[in-house]
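Shown next, in structure tokens, is the structure this report addresses.
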Amino acid sequence: MNHAHTHDHSHTPSPAATNIGRLSIVLGLTTLYMIVEFAGGMWSNSLALIADAGHMLTDVGAIGLALFAAWFSEHPASPQKTYGYYRLEIFAAFMNGVALAVISFFIVYEALQRLGHPPQIQGNILTWVATGGLVINLSSAAVLFSAGQSNINIRGAFIHILSDTVGSLGAIIAGICIIYFKFYQADPIFSILIAVLVLYNGWKLMQEALNILLEACPVHLSVTDIETALMNLPEIQAVHDLHVWSITCGKEALSAHIVVNDVVQYTPQLVTKIQDILKEKFGLTHSTIQLEPPDFEEDEIHF
């Protein structure tokens, strides 16, 4: 039996320090404007602004959680935690998805309560404060956008900011409707539309995080395609116990038992050949391959 394990030996996340810096900037901006929105809501008697300030409070918590997870994931691996703390970022992303779902239901509930009896608010103050919120949210979203493409934890914080951005835009439109048309129902109507967007993005985030936590095959890879590519090698008789999973977002791993056709082909060169295929065709650089001769017997328990 021949067993080989290879990976790129780089367990440290890419530019994690940069991500921590970005999250810190966004946390500061969001906290500052949360206070401004609450004060503006009290001044204008706008429940919409006070509610949005409460929404921003949940953003502060979500970004703070993402920041803590990004910082803690930098701790090195240990004999007990051989992959380090990468999964902490995934857990934080999942919790942020749950928070987004809860927020969306709360927004819908509040909006339905206001449809029949919309509150009287000062549209000018609502519009100007919401415009300031839009600028802050767009700035924060720009800071997080590029990092959010490759890091699910940052993406969770980005979706929170995105939902606030759309919320600010909706508040501006509602303010304009109130100023010019005295249409106070505009506020709850836009709130419901925003809630649907928040719920959709929160659900997608939870799904992606849960797939990683359950060690499901990454959506961009196919176990069937990988097995087919390996079986195309003339030296291979069978493939079993093939598993593909994500350690964290962007870091995939594979393990497989490979039965060779002949004991003569039972060589380290075959392992290298397999690993080259996995890297070139599927981008998998972290693989554990166990070669087995045709008559090899092992326990019946398989995963």
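The values are calculated or read from the model by the stated rules, or taken from the named source; none is laboratory data. Source: prediction; values computed, not measured. Virtual Cβ from ideal backbone geometry, glycine too; neighbours counted across all protein chains shown.
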Enumeration of residues in the stretch 75-90 that are buried (at least 16 other Cβ atoms within 10 Å of the Cβ) and either on the phi < 0 side of the Ramachandran plot or not assigned by TED's automatic domain parsing to the domain that holds Leu199 (or both): Tyr85, Tyr86, Arg87, Leu88, Glu89, Ile90
Any hit, the stretch 260-267, residues being surrounded by 14 or more Cβ atoms within 10 Å (Cβ to Cβ), of a type in the set (S, T, N, Q), assigned to a helix (DSSP H, G or I) and outside the structural domain of Ala157 (by TED's automatic domain parsing): yes
Qualifying residue in the stretch 128-139 (condition: among the aromatic types (Phe, Trp, Tyr) and within 24 Å of Val196 (Cα to Cα)): no
Residue within the stretch 228-249 that is surrounded by fewer than 23 Cβ atoms within 10 Å (Cβ to Cβ), acidic (Asp, Glu) and not assigned by TED's automatic domain parsing to the domain that holds Tyr33 present: yes
Single residue of Ala77, Ala99, Ala93 found to be modelled with pLDDT of 75 or more and touching a Gly at 6+ places or on another chain (Cβ under 7 Å): Ala93
Selection count where residues are assigned to a loop (DSSP other than H, G, I, E, B), free of Cβ contacts under 8 Å to residues at least 24 places away in the same chain and closer than 30 Å to Leu88 by Cα, scope the stretch 195-233: 4
Residue within the stretch 182-194 that is without any contact (Cβ under 8 Å) to a residue 60 or more places away in the chain, not assigned by TED's automatic domain parsing to the domain that holds Cys249 and not in a helix (DSSP H, G or I) present: yes
Members of the stretch 221-277 found to be within 26 Å of Tyr85 (Cα to Cα) and among the small types (Gly, Ala, Ser), listed by number: Ser246, Gly250, Ala253, Ser255, Ala256
Pair list, Cβ under 7 Å, 6 or more apart: the stretch 5-33 residue acidic (Asp, Glu), other residue surrounded by 15 or more Cβ atoms within 10 Å (Cβ to Cβ) and at pLDDT 75 or above: Asp8/Thr285; Asp8/His286
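Conditions (1) under 14 Å from Val26 (Cβ atoms); (2) surrounded by fewer than 20 Cβ atoms within 10 Å (Cβ to Cβ), marked per residue:
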| site | (1), (2) |
| --- | --- |
| Gln120 | no, yes |
| Asn124 | no, yes |
| Trp128 | no, yes |
| Thr131 | no, yes |
| Ile136 | yes, no |
| Leu144 | yes, no |
| Ile152 | no, no |
| Ala157 | yes, no |
Boolean, Ile173 is within 20 Å of Ile192 (Cα to Cα) and without any contact (Cβ under 8 Å) to a residue 24 or more places away in the chain: yes
Residue that is farthest from Leu29 (Cα to Cα) [pool: residues in the stretch 166-178 that are surrounded by fewer than 20 Cβ atoms within 10 Å (Cβ to Cβ) and touching a Leu at 6+ places or on another chain (Cβ under 8 Å)]: Ile172
Cβ pairs under 9 Å, 6+ apart, first in the stretch 126-139 and closer than 13 Å to Gly170 by Cα and in contact (Cβ under 8 Å) with a residue 12 or more places away in the chain, second of a type outside the set (Phe, Trp, Tyr) and outside any helix (DSSP H, G or I): Leu126/Ser46; Val129/Ser46
Selected residue [closer than 23 Å to Trp43 by Cβ, out of contact with any Ser or Thr (no Cβ under 8 Å at 6 or more places or on another chain) and of a type in the set (Gly, Ala, Ser)] from Ala93, Ala157, Ala101, Ala186: Ala186
